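Data first, discussion second: the structure below is written as structure tokens.
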Amino acid sequence: MPPSEGYECDMFPDYVAMYYKRIFPYNQYFRWLSYGQDLKQCFQKREFCFTLADDVYVRFLSFKDQEDMEAEIKKRCPHKIDIGAIYNFRPKDHKTVTVFSPRSKELVFDIDMTDYDEIRICCSGAEICNKCWKYMTIAVKVLDLALRQDYGFKHILWVYSGRRGIHCWVCDASARMLSQAARSAVAEYLQVVKGGDDTNKKVTLPFKLHPSIKRAETIAKKYFTEVVLEDQDMLGTPERWKKFLKHIPDQGLQDTLDKLMPQCSNSSQRWNIIQSEVTKAINKGDKKSLKKNLLTEIILQYTYPRLDINVTKGLNHLLKSPFSIHPKTGRVCVCFNPQKADEFNPMNVPLVSQLLDEINAYDGEKSENMEEYKKTSMKECMVLFDSFLASLARENNVQKAEENDKRLEF
Amino acid sequence: MAPQSVSHIDMYESTPPLYLLPSLTNTSTLPQRTLVRMEFGGRRALRRKRIQAEASYSSGLQFYKEPPTGNVSLTEFDEMAFERLKVLRAVERLNLSGYIKNSEEWITKLYEEFAKNKFFIILAEKNTKSNTDEVQKARRQDHVSHFILRLAYCRTEELRRWFIAHETDLFKARFLQATRIGSDIRNFLAINNLHYTSVPFIDALELVRQRKVFLKQGYAYVPETDLATLVTSSFRSKLSHDMTTTCRALPELDSDERLVNLLHDFDQRYTGKDYSSKKHGDTCRITPDMIDTLANKSFPPCMRQLNDTLRTTHHLKYNGRVIYGLFLKAAGLNLEDALFFWRSHFLKNMDVDTFDKRYSYGIRYNYGKEGKKTDFSPYGCIKIIMGNIAPGDVHGCPFKHSDVAILRQRLVAYKVSNQVIDEIMELVNKRHYQIACQRYWESIHGVPIDAGINHPNQFFEESQKFLNGGVQPSQGKKQSEVKTTPTFMYSSQSSTQSSTQSSTQPSTQPSGGNTMTVSEEIDMYFDDDIEAAMLEQNSCRED
């Protein structure tokens, strides 16, 4: 990743200040979080958290309305903004009440590239590049489809986390009302790669594959060769193929394959051999430890989204806000289209420092009266956000109508 | 107490419902066979005609939808409640025994316990063709005792949780038993209007969690074979809802001495130490310089593993820090020493400022010095076993979470003999993780220990006790902690007033983690559904 122009940069506070004065899309942001509801019920009880200079966290902030929120953000120019839950009382009053508990929140998912360190050779830790980013593409496709098809969710916002991952915000009303237990169940339904450093084989599947697993496998297979075998060359060296072969629970077969590996010249060939030998052995049926879905398990271990399920489970978990800036990289947390996940390039995400230049460049040529972000490379993502808001608004209206009906009925 | 001559006080028409009898505060002055009218309804119920005969119970299983009516003597009241409590405790003990819940083994053992004690359950579930009166009586006892305990256990969140969890376990066991021996489940289902085809996914969370149902557009399509899980789920949510309603409707239960006395008597339940707020002088103190040695001698494998990782990499991820931190706290490491200890490791990777900014808060939080200032209890075995392990984590129960080969390697490194390693692997294969841990304890100390291992700090304390005093480790069943204040009732696994720290906490990881959380008033980890599902996960394995 190119040198960051974020936290370490002296100018960062100035950039942030300028960003929140001129660019941050307050109107749309507010439209999103108010969900078309009475402010008292919804927006005013939402928790925000600001991270100011020197890692000072300010929690339990809440605002009266858009104007109030805008004023506060412009005044403080937070280096980072997190969004929390909607509580039973205004978060800023939380010390005055005995029972302060979260009532609702979007269903969220967080995928972090560091969880893929064991299956990428191009980068590690906080670094990312276009090669390993493809894992994120796979993750977006698998999850987005699962959320829409299995759960019927429709209002899903995918956001770049600013450095090395992605966040998913499911904003349907039904999703926001999910209990902790339900979030936990959804998270575990979607989690397939399990286990820590001490677990070699992280994917174990039953004899009968669940349709969502089959679907994930179909998607994964499209990327497996390019990402796992070519880009990450997971069978390229003896060290790597030995590690790979450890996923086969039969020592005899492992050894056989190990001997065959050097005969091939690249990862793809090796994978072909592995596939055919494993299939042969399974069909033979004399080794109980070799189960029917072993190859699927291996493929998924190398491709299936690795979720941080604690983020999903917690009803009061704070998560970085869309359109916030990542303090370490200076990148804007832009939203992107899951249907076009292949085209999303994290290296091209606007830097807060470049936005001002873009505005000046634009004004230099023509002078138009419009929202400033439209003069920048943030324009596209705002178009996407607008259409997200439009369909959300339709659901909000339906909700409101239903509630009004209920009140009339009593 | 010998029954005295019948002094039948007809408390029917002239008396208000049970909970509104403030004048009867001194029960010892009442003749033993005073009849107590049970009326769980409200004013409207009072106006109902007197129902003499009990309704007939057509099924051995009950959903406890309607409260019972009729009369019951105080003695019966007492006895029925006590017997049911014993039933629930039998369930609780079995849960801690290491057998997989809801497995055939588990259910058989449970019913053996019922038969040994001649609990009403055996009779109640008999086929109605024979001994009808006896059977009906047992079923009525089932019905009545459930509702009596509802009254007793609805008063606080802790009580409710314990009751709901164990009643649900009992129900599921009975449902499975009935299915197993071929009783007419369909009858039971029909009476209770339970039909299943497709349900909104939130009504089938256990099945969703394990990917055992097909989901489409938010609906779960349930096969009949998974009926037990769904029905139990219904049972649990209904009971949970009813308990809250009961509690609200009966505000004066606290002052009803009859109930208070009742609970006082059988409040001497096994609670199990939860190792929270140690009193000084109670245990030894440990200091940072002792930790590495202690780790090898007296720590259970889960904690030893965490310490080993800390020693080699000088870092632990969030959950590891929480679990290990709380364990050390309960083992006797005070806050100042804890800060020193963690700092000494972490400074190998960062400067003091970063440590102070990012990690010291979390440590003080564990000791109840920050945030909502709760003195958190360390995790017990079940919680660790059930915890989630993600790439990069090293917390967890090694007997469950480590690959077999790695576990074996580790045991060899810990100098466990091959024979014992084989025994342990056998136990691990059968998923008896806690019993495996017990074998490990026995192997490194060279003596047997009868008490099962159900808490890492218990492992440590027994070890220290033995090594320092030569005292024989705990024999027989667990020690019961007698808590005689009526308002304090603990569930043996969940925590007490001090809530167990859930995994959501201010994260002190570098900001790339992007997330922060807060602990809340209602203990998230022990939400009924989660706890039950967590414990049930053990029984329903994929494959």
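Averaging over all projection directions, find the projected area of the Cα convex hull of the stretch A:93-169 and quote it in nm² with one decimal place.
Computing the convex hull of the Cα atoms and averaging its projections yields 7.6 nm².
At R0 = 51 Å, how high is the FRET efficiency between A:T279 and B:E257 if r is their beta carbon distance? Nearest 0.05 is fine.
0.10
For a label point 7 Å from the Cα of A:D38 along Cα→C-beta, name the residues of the stretch A:371-410 whose backbone N is under 11 Å from it.
Backbone N within reach: A:404, A:407.
Give me a single rounded figure for A:314-327: the average over its residues of other chain Cβ atoms within 10 Å of their Cβ.
Per residue, the average neighbour count from other chains is 4.
Top to bottom by accessible area (1.4 Å), largest first, where do A:K75, B:K126 land?
Reading off the accessible areas and sorting them downward yields A:K75, B:K126.
Taking chain A as the reference, fit the longest principal axis to its C-alpha atoms, fit the long axis of helix A:251-260 to the helix C-alpha atoms, and give the angle between the two in degrees, 0 to 90, nearest 10.
Tilt relative to chain A: about 90 degrees.
Using the charge dipole of the stretch A:30-143 (Lys, Arg: +1 at Cβ; Asp, Glu: -1 at Cβ; taken about the Cα centre), state which of A:G125, A:A85, A:L39 has its Cα farthest towards the positive end.
Selected residue: A:L39.
Taking chain A as the reference, fit the longest principal axis to its C-alpha atoms, fit the long axis of helix A:211-223 to the helix C-alpha atoms, and give the angle between the two in degrees, 0 to 90, nearest 10.
Taking Cα atoms only, the helix is inclined about 80 degrees.
Calculate one ³J(HN,Hα) per residue across the stretch A:155-164 by plugging θ = phi - 60° into the Karplus curve 6.51 cos²θ - 1.76 cosθ + 1.60, and present them in order as whole Hz with x for glycine and proline.
Taking θ as phi minus 60°, the curve returns 9, 10, 10, 9, 10, 6, 7, x, 9, 10 Hz for the stretch A:155-164.
Divide by every residue of chain A the summed helix terms, -39500 (n - 2.57) for each DSSP H run of at least 4, and state the resulting mean residue ellipticity at 222 nm, rounded to the nearest 500 deg cm²/dmol.
Value at 222 nm, helices only, nearest 500: -12500 deg cm²/dmol.
Before we go on, tell me the buried accessible area for the B/A pair, both chains summed, 1.4 Å probe, in Å² to the nearest 100.
Interface area, both chains combined: 4600 Å², rounded to the nearest 100.
Please find the FRET efficiency linking B:D422 to A:K243, where r is the Cβ-Cβ separation and R0 is fixed at 35 Å, and quote it to the nearest 0.05.
Working: r = 27 Å, r/R0 = 0.78.
It comes out at approximately 0.80.
What order do A:C132, A:C77 take when sorted by accessible area (1.4 Å probe), most exposed first?
If we order A:C132, A:C77 from most to least accessible, we get A:C77, A:C132.
If amide hydrogens are placed 1.01 Å from N in the peptide plane, which non-local residues have theirs closer than 5 Å to the one on A:S104?
Under 5 Å from the amide H of A:S104 lie the amide H atoms of A:I86, each far enough along the sequence or on another chain.
At what distance in nm do the modelled label points of B:E66 and A:Q269 sit from each other, each positioned 7 Å from its Cα along Cα→Cβ?
Distance between the two pseudo-spin positions: 7.9 nm.
By accessible area of protein heavy atoms, probe 1.4 Å, what ranking do B:E423, B:E66, B:E462 get, highest first?
Values: B:E423 70, B:E66 130, B:E462 15 Å².
Accessible-area ranking of B:E423, B:E66, B:E462, largest first: B:E66, B:E423, B:E462.
What's the extension gain from B:N334 to B:K348 if we count 0.36 nm per residue and subtract their Cα-Cα distance?
2.8 nm
Which length gain, in nm to one decimal place, applies between B:R311 and B:I406 when the Cα-Cα distance is subtracted from 0.36 nm times their residue separation?
32.3 nm is the gain from fully extending B:R311 to B:I406.
In peptide B:207-215, how many Cβ atoms from other protein chains are near each Cβ within 10 Å, on average?
Mean partner-chain Cβ count within 10 Å for B:207-215: 6.
Rounded to a whole number, what % of the accessible area of chain A do carbon and sulfur atoms account for, probe 1.4 Å?
Values: 8580 of 17000 Å².
C and S atoms contribute 50 percent here.
Please name the residues of the stretch A:204-232 whose accessible area, counted over protein heavy atoms with a 1.4 angstrom probe, falls by no less than 10 Å² between the chain alone and the full protein assembly.
Buried on complex formation: A:T204, A:L205, A:P206, A:F207, A:H210, A:P211, A:I213.
Looking only at other chains, what is the average number of their beta-carbon atoms within 10 angstrom of each beta-carbon in B:382-392? Write down the numbers at each step before the final one.
Numbers: counts 0, 0, 0, 0, 0, 0, 11, 7, 15, 16, 7.
Shielding by partners across B:382-392 averages 5.
Under 15 Å from the Cβ of A:R240, count the other residues' Cβ atoms, weight Lys and Arg +1, Asp and Glu -1, and hand me the total.
So the environment of A:R240 carries a net charge of -2.
Could you give me the ³J(HN,Hα) list for the stretch A:275-281, computed from phi with Karplus coefficients 6.51, -1.76, 1.60 and θ = phi - 60°, whole Hz, x at Gly and Pro?
Those phi angles translate into 4, 5, 5, 4, 4, 4, 5 Hz.
If amide H atoms are built 1.01 Å from N in the plane of the peptide, which residues on other chains or at least 5 residues away come under 5 Å of the amide H of A:K154?
Those qualifying (amide H under 5 Å, at least 5 residues apart or on another chain) are A:D172.
Using the scaling law 2.2 N^0.38 Å as the reference, what is the normalised Cα Rg of chain A?
Normalised Rg, Cα atoms only: 1.11.
I need the shape label for the stretch B:288-468. Rule: rounded when a/c is under 1.5, else prolate if a/b > b/c, else oblate, with a, b, c from the alpha carbon gyration tensor.
Numbers: a/c = 1.86, a/b = 1.70, b/c = 1.09.
Judged from the Cα gyration tensor, the stretch B:288-468 comes out prolate (a/c at least 1.5, a/b above b/c).
Would you check the accessible area of B:V420, probe 1.4 Å, heavy atoms only, in square angstrom rounded to 10?
10
Compute, for A:T114, the solvent-accessible surface of its heavy atoms (probe 1.4 Å) with the complete set of protein chains present, and express it in square angstrom to the nearest 10.
40
What FRET efficiency comes out for the pair A:K406/A:S101, r = Cβ-Cβ distance, R0 = 30 Å, nearest 0.05?
0.80
Calculate the spin-label point distance for A:D10 paired with A:A126, positioning each point 7 Å from the Cα along the beta-carbon direction, and give it in nanometres.
If labels sit at A:A126 and A:D10, their model points lie 2.1 nm apart.
Per-residue counts of other Cβ atoms within 10 Å, averaged by peptide: what ranking do you get for B:111-122, B:392-403, highest first?
So the peptides B:111-122, B:392-403, ranked by packing, come out B:392-403, B:111-122.
For the stretch B:77-84, what does the Karplus curve 6.51 cos²θ - 1.76 cosθ + 1.60, with θ = phi - 60°, yield as ³J(HN,Hα) per residue in whole Hz, taken in order and with x for Gly and Pro?
Along the stretch B:77-84, the couplings run 3, 4, 5, 4, 4, 5, 5, 5 Hz.
If you count only protein heavy atoms with a 1.4 Å probe, what accessible area per residue comes out for the stretch B:288-468, rounded to a whole Å²? List each step's numbers first, then the result.
On the way: 6900 Å² over 181 residues.
Computed with neighbouring chains in place, this is 38 Å² per residue.
Obtain the radius of gyration and the Kirkwood radius of the stretch A:305-397 from its C-alpha atoms and give Rg over Rh. Can you show the working numbers first?
Numbers: Rg = 16.2 Å, Rh = 15.7 Å.
Taking Rg over the Kirkwood Rh, I get 1.03.
The values are calculated or read from the model by the stated rules, or taken from the named source; none is laboratory data. All values derive from a computational prediction rather than experimental measurement. Virtual Cβ from ideal backbone geometry, glycine too; neighbours counted across all protein chains shown. All accessible areas refer to the heavy atoms of the entire protein, side chains included, with ligands and DNA or RNA removed. Shrake-Rupley method; radii C 1.70, N 1.55, O 1.52, S 1.80 Å.
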